[in-house]
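Submitted below is the structure of interest, expressed as structure tokens.
The values are calculated or read from the model by the stated rules, or taken from the named source; none is laboratory data. These numbers were taken from a predicted model, which means no experiment stands behind them. Every residue, glycine as well, gets a Cβ built from its backbone with ideal geometry; the counts of neighbours run over all protein chains shown.
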Amino acid sequence: MKYKLFDEYITLQALLKEVGIIQSGGAIKSFLQKNKVYFNGELETRRGKKIHIGDIITLPNQKLEILLTVPNQEERAEHDKELLEKKRVASLVKEMNKDIKKAKSTTANLKANKYEKKALIRFPGL
């Protein structure tokens, strides 16, 4: 299996998660205890091992070999486009959450003012 690496490196934990071998980052510890993982032919037990382009990860129990390759220009452009879209959506969500929070605080202030007990007017001499 070939994996396109768009960054300088990827950790073993992140690679196994992206490929779908493990479900979460926390599952890597038990996975490494139960399964053998080879990095360029040598047994690897570190979940944070940095893997670069050209490295080979072998999982004999799953009968899987992962080769990290360089993406071509078209793939890199598509990846950059996806990253920009992800960033744009994140900023939109952040702005929406900010507006919702502002609206909630304004509504809460209005309700608090409405239910406040107003002091009775006192007339002198009564």
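Which ones in segment 1-31 are among the hydrophobic types (A, V, I, L, M, F, W, C) and touching a Lys or Arg at 6+ places or on another chain (Cβ under 6 Å)?
LEU12, ILE28
Being modelled with pLDDT under 80, exposed (fewer than 12 other Cβ atoms within 10 Å of the Cβ) and outside the structural domain of GLY25 (by the TED database) narrows it down to one residue among LYS114, LYS101; which is it?
Only one candidate qualifies: LYS114.
Another question about this same structure. Provide a single number: the residues in segment 51-92 that are over 18 Å from the mean Cα position of the chain (by Cα) and among the charged types (D, E, K, R).
Of the residues in that region, 7 qualify.
Suppose we filter segment 1-20 for residues that are in contact (Cβ under 8 Å) with a residue 40 or more places away in the chain and part of a loop (DSSP other than H, G, I, E, B); how many remain?
Count: 5.
Within segment 24-62, work out how many residues are farther than 16 Å from TYR3 by Cα and part of a loop (DSSP other than H, G, I, E, B).
The qualifying residues number 14.
Tally up the residues in segment 1-36 that are surrounded by 11 or more Cβ atoms within 10 Å (Cβ to Cβ) and within 28 Å of ARG76 (Cβ to Cβ), please.
Residues in segment 1-36 being surrounded by 11 or more Cβ atoms within 10 Å (Cβ to Cβ) and within 28 Å of ARG76 (Cβ to Cβ): 19 in total.
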